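So the structure is just underneath, and the comments pick up after that.
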Amino acid sequence: MLSSSLQIPVGCKKRGIFFKIPCVIPRSETEWVELLENDWAILTGNDKKNIVDKILAGYDNSKAREWKTFYSDGNAAVRIANVLANLQVNNNG
């Protein structure tokens, strides 16, 4: 996945992690440092050759990466509903 978040909706880089697709970021910095720290994204800067090389190489897509749930486990709605249900029960006495 290639994303600079300049022309693409913000969050595209983060969406790649849900599909276990590493992201090439053609910038010199990113606000999503957790993706860099866990090797799910790489910064290439604005060097055209470096960007193209990383994309064509699939950013080493064959490399085994540890899957982590950076942004929750997908069950937040259930937990919120349970908290609200308990509040309702407790407030009714």
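The values are calculated or read from the model by the stated rules, or taken from the named source; none is laboratory data. Quick caveat, the model's predicted, so the values are computed rather than measured. Here Cβ is always computed from backbone atoms with ideal geometry, including for glycine, and neighbour counts include all displayed protein chains.
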Return the residues of segment 28-58 that are surrounded by 17 or more Cβ atoms within 10 Å (Cβ to Cβ), touching a Gly at 6+ places or on another chain (Cβ under 8 Å) and of a type outside the set (A, V, I, L, M); say none if nothing qualifies.
TRP40
Take the residues in segment 36-64 that are touching a strand residue (DSSP E or B) at 6+ places or on another chain (Cβ under 8 Å) and not β-branched (Val, Ile, Thr); name whichever of them is modelled with the highest pLDDT.
LEU43
